[in-house]
Amino acid sequence: MPSDGNAAAWSAAGEGEHLWFVGTLATIRLPGEASGGRFALIEFLFPRHASPPLHTHPQDESYVVLDGELTLQSGDDRFELGPGGAAVVPMGVPHTFRVDSESARVLVLSTPAGLERFVRDAGVPATTATLPPDDVARPTPDEMEEIFRAHGQVNLGPPLGPED
C-alpha cells in the first residue's frame, strides 16, 4: 500500500494492522499516512456491551455498522444502528455508544486522521484477528489518561451501561 497520500491505497478483506485495543480488535484498514492525514479507516470488532466513556476528540467520527447493533449517544440525540446503518459525530460533540448485540463489526472513519494513532498508542499488536484473550495487557488508568491527553480526547462521563 503506497503511503505518501498521493497514490491509491487499499486493503483487502481482513488486511490491515491488527491491534488489541482495550478489549476490542481494531484493524487499521487505511492509516492516515495513506491519505496524507486527511482520514483514517479502522474496522473494529466489539464485544457485547462495549462502550467508551462519554468523550470528545478533534476528529469527526463516522460509523458504518457491518454486523451487529449499536446504540449511539451524540449530544442530546440517542439512536440505534443495525447492519448497514451509518452515522457521523462532528468533532467536539460529546458522544459514546454501546454494543447491544453479542458482538459488532463497525467501520470507523476518522476525519482528519488521528484516531488510529490513539488506537496504536493504547493497543498492542494482535496475534490473531479475534477479540483479545482476557489476559491481554491494557494500559493502566493513569496511562490511559496520558494517552487521552496526548491525542486531544476529553472524557466527560461514564460509558453507557447495559440498562442505560
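Here residue 12 passes the criteria (1) modelled with pLDDT of 95 or more; (2) open to solvent by 20 Å² or more (accessible area, probe 1.4 Å) except the one numbered (1).
If I ask for residues that are in a loop (DSSP other than H, G, I, E, B), open to solvent by 20 Å² or more (accessible area, probe 1.4 Å) and over 23 Å from residue 147 (Cβ atoms), which ones from the range 69-97 would you list? Break it down into steps so the answer makes sense when it comes.
Taking the range 69-97 and keeping what is in a loop (DSSP other than H, G, I, E, B), we get 69, 75-76, 82-85, 90-94.
Subsequent filtering for residues that are open to solvent by 20 Å² or more (accessible area, probe 1.4 Å) retains 69, 75-76, 82-84, 90-94.
Selection gives 69, 75, 76, 82, 83, 84.
Considering the conditions (1) at pLDDT below 95; (2) in contact with a Pro (Cβ under 8 Å, 6 or more places away or on another chain), residue 147 is excluded by exactly one of them, (1). The condition of being open to solvent by 30 Å² or more (accessible area, probe 1.4 Å), closer than 16 Å to residue 109 by Cα and touching a residue at least 60 places away in the same chain (Cβ under 8 Å) holds for only one of 41, 25, 54, 66, that being 41. Within the range 120-156, being of a type in the set (Gly, Ala, Ser) and in contact with a His (Cβ under 8 Å, 6 or more places away or on another chain) holds for 126, 129, 152. It is to be established whether one or more residues within the range 127-141 are in contact with a helix residue (DSSP H, G or I) (Cβ under 9 Å, 6 or more places away or on another chain) and in a loop (DSSP other than H, G, I, E, B). Taking every residue of the range 127-141 in turn, at least one turns out to be in contact with a helix residue (DSSP H, G or I) (Cβ under 9 Å, 6 or more places away or on another chain) and in a loop (DSSP other than H, G, I, E, B).
A search for C-beta distances below 7 Å between a residue of the range 99-111 that is under 20 Å from residue 151 (Cβ atoms) and of a type in the set (S, T, N, Q) and any residue that is part of a loop (DSSP other than H, G, I, E, B) and open to solvent by 50 Å² or more (accessible area, probe 1.4 Å), counting only pairs 6+ apart in sequence or on different chains, returns 110/39; 111/39.
Selection within the range 99-109: residues that are open to solvent by 20 Å² or more (accessible area, probe 1.4 Å) and in a strand (DSSP E or B). The member of this set that is farthest from residue 50 (Cα to Cα) is 109. The condition (being of a type outside the set (Lys, Arg), at negative phi and at pLDDT 95 or above) is satisfied by just one residue among 4, 60: 60. Of the set (1) open to solvent by less than 60 Å² (accessible area, probe 1.4 Å); (2) touching a Pro at 6+ places or on another chain (Cβ under 6 Å), all apply to residue 49 but (1). Taking the range 119-140 as the range and being within 24 Å of residue 67 (Cα to Cα) and under 12 Å from the mean Cα position of the chain (by Cα) as the test, the residues that pass are 119, 120, 123.
Here residue 144 meets the list (1) surrounded by 14 or more Cβ atoms within 10 Å (Cβ to Cβ); (2) hydrophobic (A, V, I, L, M, F, W, C); (3) not in a helix (DSSP H, G or I) almost entirely, failing just condition (3).
The values are calculated or read from the model by the stated rules, or taken from the named source; none is laboratory data. Model, not experiment: these values are computed from the prediction. Note that each Cβ is placed from the backbone with ideal geometry, even for glycine, and that neighbours are counted across all protein chains shown. Note: areas computed on protein heavy atoms with side chains; ligands, DNA, RNA excluded. Shrake-Rupley method; radii C 1.70, N 1.55, O 1.52, S 1.80 Å.
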